[in-house]
Amino acid sequence: MVYQATTSAPVNIACIKYWGKRDTKLILPTNSSLSVTLDQDHLRSTTTSRADPEFSKDRLWLNGNEEEIKPGSRMHTCITEMKTLRKKTVEDNDSSAPKLSTYHVHISSFNNFPTAAGLASSASGFAALVFSLAALYQLPVSLKDLSLIARQGSGSACRSLFGGYVAWEQGSAANGLDSYAVQVAPESHWPEIHALICVVNDAKKGTSSTAGMQRTVETSALLQHRIKEVVPQRMENISKAIHEKDFDSFARITMADSNQFHAVALDTSPPIFYMNDVSRAIIAIVEEYNRVSMAATGHLRAAYTFDAGPNAVIYAPESSIKEIVQLILRFFPQQFKDPFGLFREEDMAGKVPEGFNEGVSRVWEVDSVKGLIHTKVGGGPRVLGEEEALLNLDGFPNE
Ligand code: DP6
């Protein structure tokens, strides 16, 4: 009997940013956050887990390379928590159930997007890991319960257990049991939200989220204002905007929160700069696009957001995404892959809308933006078939 499961989990990009921990071991945040889950057809982590009494220790391979599972590490915590849950919810109640919690596991995980793209893979990676162990162990638990464990791998990973629009409630309990993810609305509620990820060329290695946010907690006075006075209201307002499919409010809040997150990074000592000149040019282009759109229609049509690096994610309704791609291509010439087949060859030429002030940015060298990924809001983790397994018959990564 082979005990094995393969699953995939999506990437999520926050509109209200998680930045700061009140407990670094349990990964409990200083504020609630909210994200959009992106479609796994374009970006995903896939993980196969197998439990076998013949295995001599727990082992993990990421994109084919073995990673050590250090005692006390986040990976170690997640695997241990999942084994404990197997014992408590299955084996303690049914003495005939195989004692999988006592077997070692082999885990192989693969991201379908290059790490070099600078997209965070920890959220989808830990969500896929926890979800694959839950499938392997046949746990009778909710996604909320799994989010409590994924959170201990990487905070933002708890939000990747759900599709659509997802909040991470900060909670207040010292043991973290009320700090979990909840779905604000499924992807089917507002499927028109598309995302354009602009992968910005960046040679230098920036400050990691984990280290950066800790420094912000220790030194930024502005973070305290953000936590107390700003985020609670924004969480409420953006949830309402999502329920009402009010893109104007969604966009305003998303852009303001990205900007405030980068302001608290700058307010950190020593200061942290995640955005670069290309990031700022993309802000200028989206702001000008919205100005023109406001004048013409009274509505916003795009929202930028930036995580702990220079890449931009532009959220936009499906109806304006084509125009936005053309705008980006106008200022950042490159080859664009078109997953939704929205473009004809002649559309690929950069074009600006009527009334757009082209003076807001220069035209950048080829490869300043080295890739564009066009995707949309998508669903939660999936259980996959055996044919997609990443371990061979002997329980080692496929070639
Ligand atoms: C800027 O979840 O990567 O992307 O909990 O230390 O692993 P750790 O941090 P991580 O931080 C993500 C920060 C962010 C904002 C967000 O996703 O909410």
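We did not get these values from a lab; they are worked out from the coordinates using the rules stated. Model, not experiment: these values are computed from the prediction. Because the Cβ atoms are built from the backbone with ideal geometry, glycine has one as well, and the counts that use them run over all protein chains shown.
Tabulated data for the structure shown
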{"item": "Principal-axis tilt of helix 318-331 within the chain, Cα atoms, nearest 10 degrees", "result": "70"}
{"item": "Relative packing of 335-343, 234-242, which averages over residues the other C-beta atoms within 10 Å, highest first", "result": "234-242, 335-343"}
{"item": "Alpha-carbon centroids, the range 264-326 and the range 159-205: separation in whole Å", "result": "18"}
{"item": "Per-peptide average of other Cβ atoms within 10 Å, ordering 144-151, 161-168, 51-58 highest first", "result": "161-168, 144-151, 51-58"}
{"item": "Nearest 10 degrees, 0 to 90: helix 209-219 Cα axis against the chain principal axis", "result": "70"}
{"item": "Expected-Rg normalisation [2.2 N^0.38 Å, Cα atoms] applied to the range 226-380", "result": "1.08"}
{"item": "The chain: relative contact order as a whole-number percent, Cα under 8 Å and 6+ apart", "result": "23"}
{"item": "Per-selection metrics, the chain (Cα): Rg and Dmax in Å", "result": "21.6, 72"}
{"item": "Degrees between helix 74-86 axis and first principal axis of the chain (Cα, 0 to 90, nearest 10)", "result": "50"}
{"item": "Gain on full stretching of the segment that runs from residue 2 to residue 248 - 0.36 nm per residue minus C-alpha separation", "result": "83.4 nm"}
{"item": "Inter-probe distance in nm under a simple model that places probes 7 Å from Cα toward Cβ, at residue 343 and residue 292", "result": "1.7"}
{"item": "Cβ crowding within 10 Å averaged over residues, with 369-376, 7-14, 21-28 ranked highest first", "result": "7-14, 369-376, 21-28"}
{"item": "Only Lys, Arg (+1) and Asp, Glu (-1) charged, at Cβ; the chain dipole about Cα centre in debye", "result": "960"}
